[in-house]
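Taking it in order: structure first as structure tokens, then the write-up.
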Amino acid sequence: MIVLPWYRQDGLFSGASALFQGFGGNAWLLPGVVLALASAGLSLQPGWRKGTAAMVLVVASMALLVGQGFAVGLNGPNWPGIVAHFPAAAEGQTGLGWGGFIAGLALLGLLSELLAARGFCRGERFASGAVVIIVALLVLFVFFPILKLGSAAFISPDGGFALVEFWGRLSAPELWRLNCFQGTGRCGVVINTVILGTLAALLSTLLGLALAMLVARTNFRLKRTLRAISILPIITPPFVVGVAIIVLFGRTGVLTQLGADIFDVRPTRWVYGLPGILMAQVLAFAPVTFLVLLGTLEAINPTLEEASTTLGARPMKTFRTVTWPLLRPGLAAAFLLAFIESLADFGNPLVLGGGYEVLSTKIFFAVVGARYDLGNAATLAMILLSLTLVAFWLQMRWLGNKSYVTVTGKSDAGLAAPVPQVIKVAAIALIVPWVAFTIGVYLIVVGGGFVTDVGRLDLSPTFSHIVTAFSFEFGENGLRLYGSAWDSMITTLWVSAIAAPLTTVIGILTAWLVARQDFAGKKAFEFGTMLSFAIPGTVVGVSYVAAFNVPPVDITGTMAILVICFMFRNMPVGMRAGMAALSQIDRSMEEASQTMGAGGLATLRNVVLPLIRPAIFTALVYSFVTAMTAVSAVIFLVSARHNMATAYIMGRVENGEYALAIAYSAVLMLVMIVCVVLIQFVVGQRRLGRRKELQGAGPAPAE
Amino acid sequence: MSGFGVTGAQAQSGELVLYCSVAEEWCRVMSEAFERETGIEVLMTRKSSGETYAQIKAEEGQPRGDVWWGGTGDPHLQAAQEGLTAEYQSPMLAELNDWAVSQAETSGYRTVGIYAGGLGFGYNSDLVTENPPACWADLLNEAYENDVQVANPNSSGTAYTLLATMVQLMGEDEAFAYLAKLHNNISQYTQSGSAPIRAAATGETAIGIVFMHDAVAQAVQGAPIVTVAPCEGTGYEVGSMSIIEGGPNPDNARVWYDWALTPAAQELGASANSFQVPSNANSATPDAAPKLADIKLIDYDFALYGSSEERSRLLARWDAEIGSLPQ
């Protein structure tokens, strides 16, 4: 506070400290300095942790920190009347620097210390600290941006309330009109979005179910191939699938031409719009629904189905009355996931949309296009967020309060009922075209980067696209990278490599807090962490732009904002994986550790973490891969200095340079596979060690 | 919290943040050549000129770019008028063609012409075999229903040039009536100005309205594209360059500015399949480039149509009367 620079200037480390600034004219910083000195003085006295004075002081300091940050904007005061007290406020202040952030962090540390002394988290200092810091981070990077975005929808740029404008934007006919049902033109954007989401979710759930049935309940031969193919879309960068679909089904696409020749009709642009987007989304989401449904299907206790068969029910009746009802939670979860993904999907509608507008693209153009209109973007983002929340609510309603528990302590030695023949045939009939389609798309993705122009079907082989993207040479100044893709590639790798471990740490820590600690407000805490998962990426992107391009937290255009964005978007996945793993581990080992006198941190490090390594691996891989392929939030946050691979690919696709985009995507997929194998290699070795540990240390946990 | 340190060294090291509004390929060739010649590292972003204008406007408080190179002149003039770009008189001005110097004079030396090119359209000769279109009026033919593409004038300078050209050629109300009729044949308003001709080259659309040099570029690369200079006459662009006011590396920005006006730098365009007419009188015009002398050019009023009020007014009218029409 006294030494480190308060403001972010040319660099974070240059610049004056708060003390210096305080006397140098920005007098509003002085009370903070005084409070800091008072706290330091107080902490010299014994027993200060329990005193009321310390609490008052810390709360006052925090209020001051937040207050001063928001009171004075970049170019002047945000609240009138401040200038009267602090003349220098008229000149404004920039974002916080290291000093400001460390002061904030120190205050949070003090607060958690004081709370623990008062019995919060049963006096566990580490847990108390973790809760306080995670809550602060969630407030800063999840709730604050959303609130700011919400207010941008209601408040006009010059500061007044703009309820009339808000209502005008909200009720605009271009959002809600239903013309497509009456055959008089296109529907509104919201209607389009809902239609697309529902269809995409229905079809992907159906396809996922067919896949899961074949893999879990039949002796279908190509099971392994199916599993392998279903992983592909997860590591595929956005846009490429859209481009491959254009190459196949566009007006001059291979298959469209073929169809036109056979039926002797003029080839059309039929794929642009709903059909194309739907195709691309189903291809991308079916694997996700497959994994969800496979889990549900495998967890159904076979004794129930066996009982039904023994009682004389035909396979179809067993399926309808036993299996299907038990699948309901899985179906709901799969449908919801696909629906949310479809709402948030941005790449496919952009490439294949034609004139079919959805909310995510509309939001993008309201922020990035020449018609920059944050108010409109905020309104649209609010609508998108409400749609997501309604979907969540409907899912809860449908599942109701019925019990779906079939895995109990009792023996479940039954045999799973085979799928009725009709359903098996139907599933195969669904799967075969899907597999053929997937293979076709990925052939183009692999091959398209190495031919002259895949869009015009000029198939002479070439390496020129790879050279354009990744050329380099050794000159007198050492290695120089001239390829146009290097910058974005390096940034992407850095961001993913930094974000993945951080995401894992915060996710697992949160899981541990929720599963193993008791503290006031735990339910709200859990809900808060899940909220960041429910918010569509586009909304996150816009809200970050609205919240962080002005002081006090001025981080747009930096790499930090990209890392932070990924951390809070992917943390719920690490958290879920961690909670699932923790629920399988008996508490007694941790209790033993604590009885022996180990604190929360030591128990977490020595007992819990070694036992949940698979969950750590899942969280690492997921957050790494998502950071490499995500586009919806990132597209708003990239800058000339920190461009991401997906944003670069999007530019190439928009400009029609399909071959370059495809070549880059192929390289990106290769890099991802290598990285995942590397992570697996590291964690895999440890896993062997863990087995030994378990055998040796199992009976007598912890020393 | 370690991430906050990343913004660190933003000082005047050997860097230049370039906002580039021509074809990506040309942006790349230019950045690479500049890096080789000066050792200054170029951080380049390619965006349409309308989008770049919007970005510079949005970053007004804290400019993050140094030079805005390329793109149609109108948004450059608007930025100049609003003080978003800095005044600079390059020693190279004396070598430039009149139209390039007059662009600089119109803006009070806040921008300068770097190339010129006429507006026209290109059609795919595999798809359009009978009665090839030769005039603007031919594009209204019902045979081309859902088969013409042009960019959205809000994001693309190319499309704004079309709008301004029609207003100057026909009168404002007639121009909007024409565009409303043309709307029936438009399959999609793209973001990027040159995307329509790329779509025509692959056969995704039959006709793309673009600058003629963009159509020529596709033909040179082997696409079945025929370039048309419309018979009624047409407008043209003076592609421009501006230094962003308050950018992080002003010295390097001037180094780029002077370098980009030299014949050597301007002749790089042809190697990147860009066939504009360069602004330096000593630069060789590529053979394939459509010669301005061969085109019936209107007397394009850059000062008026590059002004903030006129541009905003025309775009608002386009949004209200054309952009909102059902497709």
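In the range A:483-697, a dipole from Cβ-located charges (positive for Lys and Arg, negative for Asp and Glu) runs towards its positive end, and of A:Ser488, A:Ser623, A:Ser583 it is A:Ser583 whose Cα lies farthest in that direction. Each Lys and Arg contributes +1 and each Asp and Glu -1, all at the Cβ; summed about the Cα centre of chain B, the dipole is approximately 380 debye.
The amide H of B:Ser240, built 1.01 Å from its N in the peptide plane, has B:Gly70, B:Gly71, B:Gly73, B:Ile114 as neighbours under 5 Å, considering only residues 5 or more places off or on other chains. For the range A:483-697, averaging the sequence separation of C-alpha pairs within contact (under 8 Å, six or more residues apart) and dividing by the residue count gives a relative contact order of 33 percent. Taking the C-alpha atoms only, the angle from helix B:172-183 to the longest principal axis of chain B is near 80 degrees. The DSSP beta bridges internal to chain B are antiparallel in roughly 60% of cases.
How compact is the range B:88-191 by the rule of thumb for globular proteins, expressed as Cα Rg over 2.2 N^0.38 Å? Write down the numbers at each step before the final one.
Numbers: Rg = 17.5 Å, N = 104, 2.2 N^0.38 = 12.8 Å.
Its radius of gyration relative to the 2.2 N^0.38 Å reference: 1.36.
Across the residues of A:534-547, average count of Cβ atoms on other protein chains within 10 Å? Walk me through the numbers on the way to the answer.
Working: counts 0, 0, 0, 0, 0, 0, 0, 0, 0, 0, 0, 1, 0, 0.
That works out to 0 on average.
For the range A:213-218, putting each phi into the Karplus relation 6.51 cos²θ - 1.76 cosθ + 1.60 with θ = phi - 60° gives couplings of 4, 4, 6, 8, 10, 9 Hz, in residue order, rounded to whole numbers and with x for Gly and Pro.
Other chains' Cβ within 10 Å of A:648-656 residues: what's the mean? It would help to have the intermediate numbers written out before the result.
Values: counts 3, 0, 0, 5, 2, 1, 9, 12, 13.
Across the residues of A:648-656, the mean count of other-chain Cβ atoms within 10 Å is 5.
Taking only protein heavy atoms and a 1.4 Å probe, the accessible area of the range A:483-697 is 65% carbon and sulfur.
Counting Cβ atoms of other protein chains within 10 Å of each Cβ in B:24-35 and taking the mean gives 3. Among A:Ile561, A:Val607, A:Ile662, which residue has its Cα furthest toward the positive end of the charge dipole of the range A:483-697, with +1 on Lys/Arg Cβ and -1 on Asp/Glu Cβ? Ranked along the dipole, the leading option is A:Val607.
Give the peptides A:612-622, A:165-175 in descending order of average Cβ contacts within 10 Å, highest first. If you can, show how the numbers build up before the last one.
Details: A:612-622: 21.2, A:165-175: 15.1.
Result, highest mean Cβ count within 10 Å first: A:612-622, A:165-175.
Around B:Ala229, with a cut-off of 9 angstrom between Cβ atoms, what is the net charge of the other residues, counting Lys and Arg +1 and Asp and Glu -1? Net charge around B:Ala229: 0. The H on the amide N of B:Val210, modeled in the peptide plane, is under 5 Å from the matching H of B:Gly120, B:Phe121, B:Gly122, each at least 5 residues off or on a different chain. Residues whose amide H falls under 5 Å from that of A:Asp453, counting only those 5 or more places apart or on a different chain, are A:Asp458, A:Ser460, with hydrogens built in the peptide plane. At a threshold of 10 Å², the residues of the range B:293-327 that become less accessible to a 1.4 Å probe in the full protein assembly than in their chain on its own are B:Asp319, B:Pro326, B:Gln327.
Suppose every K and R has +1 on its Cβ and every D and E has -1 on its Cβ; what is the size of the dipole of the range B:11-135 about the Cα centre, in Debye to the nearest 20? Show your work: numbers first, answer last.
On the way: 7 positive and 19 negative charges, 33 e Å.
My answer is approximately 160 debye.
For the range A:244-281, accessible area lost to neighbouring protein chains reaches 20 Å² or more, against the chain alone with a 1.4 Å probe, at A:Arg251, A:Thr252, A:Arg266, A:Arg269, A:Tyr272. For the range A:483-697, the dipole from Cβ point charges (+1 on Lys and Arg, -1 on Asp and Glu) about the Cα centre works out to 580 debye, to the nearest 20. The residue among B:Val277, B:Pro196, B:Tyr236 whose Cα reaches farthest toward the positive pole of the charge dipole of the range B:191-327, with charges on the beta-carbon of Lys, Arg, Asp and Glu, is B:Pro196.
Rounded to the nearest 100, the interface formed by chains A and B buries 4700 square angstrom of accessible surface, both chains summed, with a 1.4 Å probe.
Remind me, relative contact order of the range B:70-168 in percent, using alpha carbon pairs under 8 angstrom and six or more residues apart? Walk me through the intermediate numbers first.
Values: 62 pairs, mean separation 26.0, N = 99.
So the answer I get is 26 percent.
Counting charges near B:Pro91 (Lys, Arg +1; Asp, Glu -1) among other residues having Cβ under 12 Å from its Cβ returns a value of -1. Do you know which residues of the range B:174-220 lose at least 40 square angstrom of accessible area in the protein assembly compared with their chain on its own, with a 1.4 angstrom probe? Listed in order, they are B:Gln188, B:Gln191, B:Arg198, B:Thr202, B:Glu204. Most tightly packed first, judged by the mean number of other beta-carbon atoms within 10 Å of their residues, the peptides A:299-305, B:225-231, A:386-392 read B:225-231, A:299-305, A:386-392.
The 1.4 Å probe gives accessible areas that order A:Phe143, A:Phe437, A:Phe527, largest first, as A:Phe527, A:Phe143, A:Phe437. Of B:Trp136, B:Trp259, A:Trp176, the residue with the largest accessible area leads and the full order is A:Trp176, B:Trp259, B:Trp136 (1.4 Å probe).
The values are calculated or read from the model by the stated rules, or taken from the named source; none is laboratory data. Here the structure is a predicted model, which is why all the values come from computation and not from measurement. Cβ sites come from the backbone with ideal geometry, for glycine too, and all protein chains shown count toward neighbours. The area values use the complete protein model at the heavy-atom level, side chains included, leaving out ligands, DNA and RNA. Shrake-Rupley method; radii C 1.70, N 1.55, O 1.52, S 1.80 Å.
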